[in-house]
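Each remark here refers to the structure printed beneath this line.
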Ligand SMILES: NC(=O)c1ccc[n+]([C@@H]2O[C@H](COP(=O)([O-])OP(=O)(O)OC[C@H]3O[C@@H](n4cnc5c(N)ncnc54)[C@H](OP(=O)(O)O)[C@@H]3O)[C@@H](O)[C@H]2O)c1
């Protein structure tokens, strides 16, 4: 049985469909009533629970389970903090996995996770990694760059802007590099891990074949969507002040000041990381975009 926490998110939704199509039996941790109904209708075993509330996940795992922990947040809101979700939530799930003696524990971290980072997101991801690594469980950790594909929030925000706005603002110089990876390639990597967990123990950077700047990414998206728009650089200071103001009035601002800081520095890995570790060449970005963005 494969147990998935975070199954209702972008990555988890793709994983559920992919594993079901391959005939795997799934058990998913779900928070809301609505999602529970939808997942039960798919033929998935549903467990209602929240990783920040240990009582709700007590006894949900069995020794034969392969645990996939995808729960994470990119911004803090409505009482959900990076520490609460990434660190305490992971500690709770790891404790339940140890109690059950599960056969393997997969944790989805993030490229650039670092205990000394100024970023709450990257710092708490690294702390969660440490909890998994020190657990004594057989584990795999992925550190992916941005994952793109149908319904991913990052690409969708830019596509919405390309549709609605006559011009596209680029925060700062837009010169820092990142390395988007296509969800289908991420699925191949986790598929290999589930198929042979012993061969994929440890930590793996997961990135696409190209390193590019935010500005280049926006331009490539615009081409794929057939919506070429003038782009212009907005001074980062101004963007950050606007983001801080929006954070005080909106529960879900379009961008947070932390996210703006994150795109100021490179977030990259070896462009051949996936090929070297998983034995296949990940999809070139332009080809990936063609598959899920229709002009
Ligand atoms: N997407 C990327 O580009 C990317 C890149 C690097 C790393 N990652 C990491 O990959 C993981 C999945 O990303 P994603 O894009 O799929 O995120 P997502 O769409 O925001 O999904 C997050 C998932 O976590 C669940 N969740 C949140 N708080 C929870 C809690 N307290 N208890 C139980 N479940 C909870 C959500 O459930 P609800 O539906 O109930 O809210 C949802 O299923 C995250 O850990 C993220 O940090 C993502």
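The values are calculated or read from the model by the stated rules, or taken from the named source; none is laboratory data. Given the structure is predicted, the values throughout are model-derived calculations rather than measurements. Glycine also receives a Cβ, built like all others from the backbone with ideal geometry; neighbour counts cover every protein chain displayed.
Considering segment 232-246 alone, what residues qualify as being surrounded by fewer than 16 Cβ atoms within 10 Å (Cβ to Cβ) and in contact (Cβ under 8 Å) with a residue 40 or more places away in the chain?
232, 233, 234, 235
Take the residues of segment 84-121 that are in contact (Cβ under 8 Å) with a residue 40 or more places away in the chain and farther than 29 Å from residue 64 by Cα: which is farthest from the ligand (Cβ to nearest atom)?
Step by step, filter segment 84-121, then rank; the result is 118.
So is residue 240 modelled with pLDDT of 90 or more and part of a helix (DSSP H, G or I) or not?
Against the criterion (modelled with pLDDT of 90 or more and part of a helix (DSSP H, G or I)), residue 240 does not qualify.
From (1) in a loop (DSSP other than H, G, I, E, B); (2) surrounded by 15 or more Cβ atoms within 10 Å (Cβ to Cβ); (3) at pLDDT 95 or above, pick out the condition that doesn't hold for residue 117.
Unmet for residue 117, out of (1) in a loop (DSSP other than H, G, I, E, B); (2) surrounded by 15 or more Cβ atoms within 10 Å (Cβ to Cβ); (3) at pLDDT 95 or above: (3).
Would you pick out the residues in segment 142-165 that are closer than 22 Å to residue 191 by Cβ and within 11 Å of the ligand (Cβ to nearest atom)? So that I can check it myself, show each step before the final result.
To start, the set of residues in segment 142-165 that are closer than 22 Å to residue 191 by Cβ comprises 142-152.
Residues satisfying the conditions are 142, 143, 144, 145, 146, 147, 148, 149, 151, 152.
Scan 215, 229 and give me the residue that is touching a strand residue (DSSP E or B) at 6+ places or on another chain (Cβ under 7 Å) and assigned to a loop (DSSP other than H, G, I, E, B).
Values: 215 fails: assigned to a loop (DSSP other than H, G, I, E, B).
Criteria check complete, one pass: 229.
Within segment 244-277, can you find the residues that are in a helix (DSSP H, G or I), within 18 Å of residue 75 (Cα to Cα) and touching a strand residue (DSSP E or B) at 6+ places or on another chain (Cβ under 6 Å)?
The one that is in a helix (DSSP H, G or I), within 18 Å of residue 75 (Cα to Cα) and touching a strand residue (DSSP E or B) at 6+ places or on another chain (Cβ under 6 Å): 260.
Search segment 278-295 for residues being outside any loop (DSSP other than H, G, I, E, B) and touching a helix residue (DSSP H, G or I) at 6+ places or on another chain (Cβ under 6 Å), and hand back the single one that is farthest from residue 122 (Cα to Cα).
Ranking the candidates gives 289 first.
What's the total number of residues in segment 92-105 that are assigned to a strand (DSSP E or B) and either crowded, with 23+ Cβ neighbours inside 10 Å or modelled with pLDDT under 95 (or both)?
Summing the residues that are assigned to a strand (DSSP E or B) and either crowded, with 23+ Cβ neighbours inside 10 Å or modelled with pLDDT under 95 (or both) in segment 92-105 gives 1.
Residues of segment 71-83 being within 11 Å of the ligand (Cβ to nearest atom), in a loop (DSSP other than H, G, I, E, B) and surrounded by fewer than 21 Cβ atoms within 10 Å (Cβ to Cβ), which ones?
73, 74, 75, 78, 79, 81
Between 56, 124, which is outside any loop (DSSP other than H, G, I, E, B) and without any contact (Cβ under 8 Å) to a residue 12 or more places away in the chain?
Sole residue among the options that is outside any loop (DSSP other than H, G, I, E, B) and without any contact (Cβ under 8 Å) to a residue 12 or more places away in the chain: 56.
Which condition from (1) touching a residue at least 40 places away in the same chain (Cβ under 8 Å); (2) within 12 Å of the ligand (Cβ to nearest atom); (3) over 18 Å from the mean Cα position of the chain (by Cα); (4) over 30 Å from residue 244 (Cα atoms) is the one that residue 7 breaks?
(3)
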